[in-house]
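Heads up, the thing below is written out as structure tokens.
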Ligand code: PMP
């Protein structure tokens, strides 16, 4: 018999897939690290596992304890998976703008979701930051991972994502490109690759237009999971050789092309990272190996990025120019 003892054993060791169509005219090899192969469907399973393990070792999380985190997305799914296997409860706090579907995914894994009003200031006691702090204080045995300040977040990438990429490319990787949210992925993976290559691998952060990493002030953008309006502790400001700024339009156009041309149904931050990777790859030579990390799958974005009307409403797509369909002819 050949089987895994539990889903946690499926975290990490994700495949590299060469991009073949969106790279037309580019001589460098462009490889995608496809993180939706993790059991929770995103790169965040890696940090969830490491954060929980370190909290257990430090005695912060004990049997029967409760994990409390302000998250509505991928980190919540990762934490919920690990919590189940280790016998912890999960309470996730999210603002009411988060879709019912996303809340229900967390509930499906057995987590409790506490919804807070979006339309209050961060210092308001009802804000989701304050509610999660209060719950952490009031629930006995509660522990808050705080992915924006927890060193286990970048460390998980230093210990897994970085070594995987070095091994999978046989040490031939020359460029690593990833979107920056908490900064955990780029900081941990980037630091490992710099160390192991003696500084030869170039580290490139991809950032939405308006976010602080590319010099903005937090101006709103629609791509989810990346960019910030503050500098998290998990981001190592010394790790990136370059930051490439990408517009929402370019991010979403590439996200759709990845599904149609590469068979990769992925999220909007993946299109953003690939847009940056292609810019880097255009300047690179035929011996260069550019690796871009794709954080999650596209199912969670069907009613946005993959919906023509939504795209047209924000000016990302001209629907009058779409090709006639078979149904039009009926
Ligand atoms: N893309 C998505 C969809 C994410 O959820 C995240 C995590 N916030 C990122 C990219 C960025 O990863 P990191 O937090 O490691 O910088």
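Each value in this text was obtained by applying a stated rule to the coordinates, not by laboratory testing. Values in this document were obtained by computation on a predicted structure and should not be read as measured data. With ideal geometry, Cβ positions are generated from the backbone for all residues, glycine too; neighbour counts draw on all protein chains shown.
If each residue of separation counts as 0.36 nm, what is the full-extension length gain between residue 86 and residue 137 once their alpha-carbon separation is subtracted?
16.2 nm
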For the chain, the Cα-Cα pair-distance distribution in 20 Å bins from 0, as whole percents, is 31, 58, 11, 0
Ranked output for segments 75-81, 119-125 by mean other Cβ atoms within 10 Å, highest leading, reads 75-81, 119-125
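When you count, for each residue, the other Cβ atoms within 10 Å and take the mean per peptide, how do 145-154, 56-65, 171-180 rank with the highest first?
Sorting 145-154, 56-65, 171-180 by mean packing, highest first, produces 171-180, 145-154, 56-65.
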Checking rank on 188-198, 307-317, with mean other Cβ inside 10 Å and highest first, the result is 188-198, 307-317
For residue 313 and residue 325, extending 7 Å from Cα along the Cα-Cβ vector and measuring point to point gives, in nm, a value of 1.8 nm
Connecting every pair of Cα atoms under 10 Å apart in the chain and solving the GNM, the largest mean-square fluctuation among 27, 269, 132 falls on 27
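Can you tell me the relative contact order of the chain? Whole percent, Cα pairs under 8 Å, sequence separation 6 or more. All intermediate terms of the calculation are to be shown ahead of the outcome.
Values: 663 pairs, mean separation 61.3, N = 330.
Answer for the chain is 19 percent.
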Per the Cα gyration tensor, the range 229-330 corresponds to an equivalent ellipsoid with semi-axes, largest first in Å, of 30, 17, 13
Everything considered on the Cα gyration tensor (a ≥ b ≥ c; rounded for a/c under 1.5, else prolate if a/b is larger than b/c, else oblate), the range 58-145 must be described as oblate
Here the relative contact order (percent) of the range 125-186, from C-alpha pairs under 8 Å and at least 6 apart, is 28 percent
Summing -39500 (n - 2.57) over every DSSP H run of at least 4 in the chain, dividing by its residue total and rounding to the nearest 500, the 222 nm mean residue ellipticity is -10000 deg cm²/dmol
Plugging the Cβ-Cβ distance of residue 114 and residue 303 into 1/(1 + (r/R0)^6) at R0 = 30 Å yields, to the nearest 0.05, a FRET efficiency of 0.80
Expressed as a percent, the portion of alpha-carbon pairs in the range 132-273 spaced more than 17 Å apart is 64 percent
